[in-house]
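Trainee: Take a look at the following structure, please.
None of the figures in this text is laboratory data; all of them are computed from the coordinates on show. Since we're looking at a predicted model, the values are computed, not measured. Please note: Cβ atoms are built from the backbone with ideal geometry, for glycine as well, and neighbour counts cover all protein chains shown.
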Protein chains: 2
Amino acid sequence: MKIEAVDFFYLSMPQVTTEADGSQDALVVRVAGGGHVGWGECEAAPLPSIAAFVCPMSHGVCRPVQDSVLGQTLDGPADIARMAALVEYDSMDLLQAAHTFSGVEMAMWDLLGRARGEPVWKLLGYKASHGKVPYASQLFGDTPQETLELGRKARARGFRAVKYGWGPIGRGTPAEDGDHFAAAREGIGPDGILLVDVGQIFGEDVDRALARLPALEKAGATWLEEPFHASALEAYGQLAAKSAKVKLAGGEGAHNVFMARHLIDYGKVGYVQIDCGRIGGIGPAKAIADYASARGVTYVNHTFTSHLALSASLQPYAGLAQDTICEFPVAPKSLAVDLTSNHLKPDANGEVRAPDAPGLGMTVSEAALRQYRVDVEIKVGGKTLYATPAV
Amino acid sequence: MKIEAVDFFYLSMPQVTTEADGSQDALVVRVAGGGHVGWGECEAAPLPSIAAFVCPMSHGVCRPVQDSVLGQTLDGPADIARMAALVEYDSMDLLQAAHTFSGVEMAMWDLLGRARGEPVWKLLGYKASHGKVPYASQLFGDTPQETLELGRKARARGFRAVKYGWGPIGRGTPAEDGDHFAAAREGIGPDGILLVDVGQIFGEDVDRALARLPALEKAGATWLEEPFHASALEAYGQLAAKSAKVKLAGGEGAHNVFMARHLIDYGKVGYVQIDCGRIGGIGPAKAIADYASARGVTYVNHTFTSHLALSASLQPYAGLAQDTICEFPVAPKSLAVDLTSNHLKPDANGEVRAPDAPGLGMTVSEAALRQYRVDVEIKVGGKTLYATPAV
């Protein structure tokens, strides 16, 4: 079949705040071809991502993403990889292209799976879709007592793995942070899986991160996530060499396979966290799952938006039985909940898995596309390059 | 003073082709504050870069670039660095932000220099602006004979350094490529500086690049530029370890200081090429000039657009007397020529230098802003977020 149309839907909550919650808006992509439709979702800023799809060409290696997609043949996974290579080369100088293409690529996998009646994880070569333990992702409390209570609540809701992030960590003393880590452990109980995300707060200051390690170790944290700038490989590598028990985690900022590989090879992370909505989609994410697997590094999805994005993010490591943790958006905004009419719910064992259904297995709600739509119009040189499409 | 206004002007030639010529369009930035005006230029796609400045916030670390700039205090270089850090953190998830901010940052240096009556290179701490040998940058011919003649022409125009790029290299056999390298040497003569740019053609295939090294060495090439994907650090490192005489060059794709540092530390390049219009502006470029200098790596600008961009790109290493080569746009489109009413011309020694004049020392032509302007209008949710400003 041919890619006949690619449509972008910019959705948003009525109010967007400065909280670190990526579910406040969304850029949903619909790809149509051969009588089928597939859906995907780009992570990060909708407007620049739309612009990167429709913008006029600047020169031979700064072409809009649409030039590598529209009208192309899509008959199998190799065609998706071929288009990805086209984007990588012909949009070499268009920085935003990777984020834009990520949602398009997801939608192409969904389309292909629906056309063949197969789940994407089978198209990727996996025989089974293994259950993953979802972790509840939440912010640290303002006080250790709040942090403790948040842990109890997460356990009461059935989560045996809990990630705490951002908040006061790194802004006070190591001792103050240590109180939060201890409170988190107390809140989730001795058998809970404790994960800590500090949102790049230490820049590339290894010593400041190092000062938090003893308390993290004492609290039995499984990983310390994003202590540094997404590209601070040296700092990651130095901290990893000094950490006996707590592994480092990172990778959500990777917008190509090289960046994720470097976090493994130079940064020595123990957990590589890939956002399919940023790295270029499901294909590059699968390449990282293979790469990590061969090196004893655990693959984890990064997902903070809808269950469409969650399904996409589970596919690349669905068949890796030994990689058992997954990020699960616990309290997303209503937009992210309403976007799909079905949801990936934990089973009796408390595990979620990529669905055994054609494509990504998710049904996008047209009502949600209408309810949350943000009308966008982009005119260049008197010509309308983009206008919000009809549902 | 306060940053009172930031305006973007999207300029384009009437026709933009697929040739690898970055001077076919431009995104010029005007920053106003305290009764002064400064100018800068973003490299790469204008529309997504404008969108990254004006887009609605997605969440706390995916804010538009304007939120870190408008209304901020600008009293010295430290304020520019402070705003850069704000953008890096608060626009962490907005991939295009680095390209957008690059032009804004340049314009802030220009503004500050004009306000103080000092050239930017003095604000950067340099005592002098040293002359650089400009190299003529041109494509390989379709045949070795064409390549030879192009070399003779470049020498006849006074260039003793010539860079050949792209074209047939890497698309045929190593022997065919070798014929081009030999022809290039013959064309520019035995005393010419020969530079070769292959535009990422080998992806990350070290062997294919390695097969070209003997002929490059025989032709006396000073560097082999961008043999691989901008992030293929491992491939760079492996090829560098196997090259006795020909140094590797790269870095134009760096959109933060980490990427450029990694090309030095892991990729073992001998020449690091920084585009101030991509890496975040003049400040990060200066950081790389210092970093390279301390490690025996030569800094070179990457510039393929106007003399406004050229002046900006010379500032970060203006004071490094030992780094003597500079990229010089030899046959830019009329837009890039007309954009400034003054130009950086080679002196009696055939050298160019960052001007000894306030700011970037370039005068932007209002006539050019009118002649080449592309009208853009971006509406989101019924509100106009961007419309081409008045000159």
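Trainee: Taking the Cα centre as origin and putting +1 on Lys and Arg beta-carbons and -1 on Asp and Glu beta-carbons, what dipole magnitude results for segment A:74-222, to the nearest 20 debye?
Mentor: It works out to roughly 840 debye.
Trainee: A further question follows. What is the sum of charges around residue B:221, taking Lys and Arg as +1, Asp and Glu as -1, for the other residues whose C-beta is under 11 Å from the C-beta of residue B:221?
Mentor: For residues surrounding residue B:221, the net value is +3.
Trainee: Under 17 Å Cα to Cα from residue A:333, which aspartates and glutamates show up? Leave out anything in the same chain fewer than 8 places away.
Mentor: Here the aspartates and glutamates satisfying the reach criterion relative to residue A:333 are A:19, A:21, A:25, A:41, A:43.
Trainee: Past the 20 Å Cα-Cα mark, which pairs from A:153/A:245; B:127/B:247; B:218/B:245; B:163/B:247; A:163/A:218; B:132/B:345? Each step should come with its number before you reach the end.
Mentor: Values: A:153/A:245 27 Å; B:127/B:247 30 Å; B:218/B:245 10 Å; B:163/B:247 14 Å; A:163/A:218 16 Å; B:132/B:345 11 Å.
Long pairs (Cα-Cα over 20 Å): A:153/A:245; B:127/B:247.
Trainee: Per-residue Cβ counts within 10 Å, from other chains only, averaged over B:37-47: what number is that?
Mentor: 5
Trainee: Distances in nm, one decimal, shortest first, from residue B:370 to the same residue in every other copy, taking the label point 7 angstrom along Cα→Cβ.
Mentor: Ordered by distance, the counterparts are at 4.9 nm.
Trainee: Another question, then. In whole Å, what is the distance between the alpha-carbon centres of segment B:337-391 and segment A:320-391?
Mentor: Cα centres, segment B:337-391 to segment A:320-391: 42 Å.
Trainee: Then there's this: Label-point separation (nm) for residue A:244 and residue A:321, each offset 7 Å from Cα along Cα-to-Cβ?
Mentor: 3.4
Trainee: Also, quick follow-up: Obtain the radius of gyration and the Kirkwood radius of segment A:133-338 from its C-alpha atoms and give Rg over Rh.
Mentor: With Rg and the Kirkwood Rh in hand, the quotient comes to 0.95.
Trainee: With charges set only on the Cβ (+1 for Lys and Arg, -1 for Asp and Glu), what does the dipole of segment A:133-338 come to about its Cα centre, in debye to the nearest 20?
Mentor: 440
Trainee: Specify the inter-centroid distance of segment A:16-30 and segment B:91-136, based on alpha-carbon positions, in whole Å.
Mentor: Using only Cα atoms, the two centres lie 33 Å from each other.
Trainee: Order these by the 10 Å Cβ neighbour count, fewest first: B:265, A:275.
Mentor: Ordered by Cβ neighbours within 10 Å, fewest first: B:265, A:275.
Trainee: Now, a different point. Which order do A:109, B:223 fall in if you start with the one that has the fewest other Cβ atoms within 10 Å?
Mentor: Exposure proxy ranking, most exposed first: B:223, A:109.
Trainee: Once the label point is set 7 Å along the Cα-to-beta-carbon vector, what list of distances in nm do you get between residue B:343 and its counterparts in the other copies?
Mentor: Result for residue B:343, in nm, nearest copy first: 6.4.
Trainee: Compute the relative contact order of segment B:133-338 as a whole-number percentage, counting only Cα pairs closer than 8 Å that sit 6 or more residues apart in sequence.
Mentor: 16
Trainee: Continuing with this model, one more query. Identify all lysines with a Cα-Cα distance to residue B:379 below 20 Å; exclude those on the same chain that are fewer than 8 residues away in sequence.
Mentor: By straight Cα distance, residue B:379 reaches A:379, A:383.
Trainee: Let me ask something else about it. What are the label-to-label distances in nm, one decimal and shortest first, from residue B:143 to the same spot in the other copies, with labels 7 Å along Cα to Cβ?
Mentor: Copy-to-copy label distances for residue B:143: 8.5 nm.
Trainee: OK, next. Would you tally the net charge around residue B:112, using a Cβ to Cβ cut-off of less than 9 Å, leaving residue B:112 out, and scoring K and R as +1, D and E as -1?
Mentor: Overall, the nearby charge balance is -2.
Trainee: Output the relative contact order of chain A, whole-number percent, from Cα pairs under 8 angstrom with separation of 6+ residues.
Mentor: Computed value for chain A: 19 percent relative contact order.
Trainee: If you project the alpha carbons of chain B onto their three principal axes, what span does each projection cover, largest first, in Å?
Mentor: Between the extreme Cα coordinates on each principal axis of chain B lie 58, 45, 43 Å.
Trainee: To continue, here is another question. Determine the calculated [θ] at 222 nm for chain A from helices alone, applying -39500 (n - 2.57) to every DSSP H run no shorter than 4 residues and normalising by the residue count; nearest 500 deg cm²/dmol.
Mentor: -10000 deg cm²/dmol
Trainee: Let me ask another. Mind checking B:224-231 for the average number of partner chain beta-carbons within 10 Å of each residue's beta-carbon?
Mentor: Across the residues of B:224-231, the mean count of other-chain Cβ atoms within 10 Å is 3.
Trainee: For chain A, modelled as a GNM with alpha-carbon contacts under 10 angstrom, which of A:61, A:269, A:364 fluctuates the most?
Mentor: Result for chain A, Cα springs under 10 Å: A:61 fluctuates most.
Trainee: If you don't mind, another one. Towards the positive end of the charge dipole of segment B:45-170, with charges on Cβ (+1 Lys, Arg; -1 Asp, Glu), say which of B:130, B:156, B:50 has the farthest Cα.
Mentor: Selected residue: B:156.
Trainee: Now for a different question. Less than 12 Å Cβ to Cβ from residue B:362, Lys/Arg counted +1 and Asp/Glu -1: what total charge do the surrounding residues give?
Mentor: -1
Trainee: Treat every Asp and Glu Cβ in chain A as -1 and every Lys and Arg Cβ as +1, leave all other atoms uncharged, and give the resulting dipole magnitude about the Cα centre to the nearest 20 debye.
Mentor: Values: 35 positive and 45 negative charges, 146 e Å.
Approximately 700 debye in magnitude.
Trainee: Dividing the convex hull volume of the alpha carbon atoms of the protein assembly as shown by its residue count, what do you get in Å³ per residue?
Mentor: 150
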